[in-house]
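The values are calculated or read from the model by the stated rules, or taken from the named source; none is laboratory data. As the structure is a prediction and not an experimental result, all values here were calculated from the model. A quick note on method: Cβ atoms are made from the backbone with ideal geometry, for glycine too, and the neighbour counts reach across all protein chains shown.
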Amino acid sequence: MNNVLMDSPVRKQPRILRPQNASNDDRSCATAGDLSEVVGEEIRHLRNAREIKLSDLSEASGLSVGYLSQIERGISSPSVKALHSISRALGVTVSWFFKNADAPNTTERPYIVRAEHRRKLHFEGGVTDELLSPNLGRELELLRCTFLPGATSGEEPYTHRGEEAGFILSGTLELWLADDHFVLEEGDSFAFPSDTPHRYRNCGETEAVVIWAITPPSY
C-alpha cells in the first residue's frame, strides 16, 4: 500500500480503501463559526473506519487525547488550526468534515446525501471517490468511483477485512482477484471478500464510473 501524502504516523494504517496517495487539494475555507457537533462525529466515524486509535491520532496531530475526545463528543469545538492538523493526520482535507455537515436540512442529514454535499477524495492514481453514504458510522459504505483512462489502484494487490461489491455504470474496469483476471463492461457487477488480494484498472479510453459498496466501512 502506498503512503498518503500527509506526513504522519497514521498514514501507514491498513484500513484505507484506495492504496493510492490522496491528493492534498483543499478547496474549502473553514472558519470557527462552521464548527459543530456534527464535525466531531465525522472525525470519530472516519477514525473508527480506519481503525486508528485516539492515541495514534493524538501523536500524529500533536493534539492531546483529552482534547480530541472532547472534540469527538461535541464538548469542545476545534480551532481551525486543530482541524487542519486532524485532517492531515487522517489523510483527508478539511472539506471532508463539512460537506454533509453543511446540509441545511438537519432532519435528513443522517439519512440523505444531496448531490451538492457529496464528500470527495482525489487520488494520484486517477481515481476520485464520492461518498454516497451519509456517514461512516454504520455497517455499509457506498461510493461513486470515477476512474480516468489508465487509472489504477497500483501494481500490487491489497487486502482488508470485510466484503465489497460494485456495479459498472459506464466504461471498462479490469479487476484482479488473487490469480483471476476479469474485464468488466457497462452493466456488469461484481462481489468478493475483501481479504482476497485485489487490484483494478481502467483499461479503456474513456472514464469508468463504478458504484462501489463496502462493509464494514474502510475509507
Can you say whether Ser133 is under 30 Å from Leu57 (Cβ atoms), within 16 Å of the chain's Cα centre (by Cα) and in the same structural domain as Ser69 (by TED's automatic domain parsing), as far as the supplied structure shows?
no
At pLDDT below 90 and surrounded by 15 or more Cβ atoms within 10 Å (Cβ to Cβ): is that true of Asp34 in this structure?
yes
Of the residues Val127, Val183, which single one is of a type in the set (Val, Ile, Thr) and under 30 Å from Ile43 (Cα atoms)?
Val127
Whether any residue in region 167-178 is among the β-branched types (Val, Ile, Thr) and modelled with pLDDT under 95 is what I want to check.
no
Kindly check whether there is at least one residue in region 166-181 that is within 25 Å of Thr93 (Cβ to Cβ) and surrounded by fewer than 20 Cβ atoms within 10 Å (Cβ to Cβ).
no
Residue tally, condition farther than 21 Å from Leu132 by Cβ and either in contact with a Pro (Cβ under 8 Å, 6 or more places away or on another chain) or touching a residue at least 60 places away in the same chain (Cβ under 8 Å) (or both), over region 199-219:
4
Within region 132-149, how many residues turn out to be modelled with pLDDT of 90 or more and in contact with an Asp or Glu (Cβ under 8 Å, 6 or more places away or on another chain)?
8
Looking at Phe182, Phe167, which one is of a type outside the set (Val, Ile, Thr), outside the structural domain of Asn48 (by TED's automatic domain parsing), out of contact with any His (no Cβ under 7 Å at 6 or more places or on another chain) and free of Cβ contacts under 8 Å to residues at least 12 places away in the same chain?
Phe182
Out of (1) under 16 Å from the mean Cα position of the chain (by Cα); (2) surrounded by fewer than 16 Cβ atoms within 10 Å (Cβ to Cβ), the odd one out for Pro216 is which?
(2)
Pick from region 37-78 the residues that are buried (at least 18 other Cβ atoms within 10 Å of the Cβ) and among the β-branched types (Val, Ile, Thr): which of them is modelled with the lowest pLDDT?
Val38
Show me the strands (runs of 3 or more DSSP E) entirely contained within region 94-200 in which 3 or more residues are not basic (Lys, Arg).
127-131, 141-147, 163-170, 173-177, 180-184, 189-193
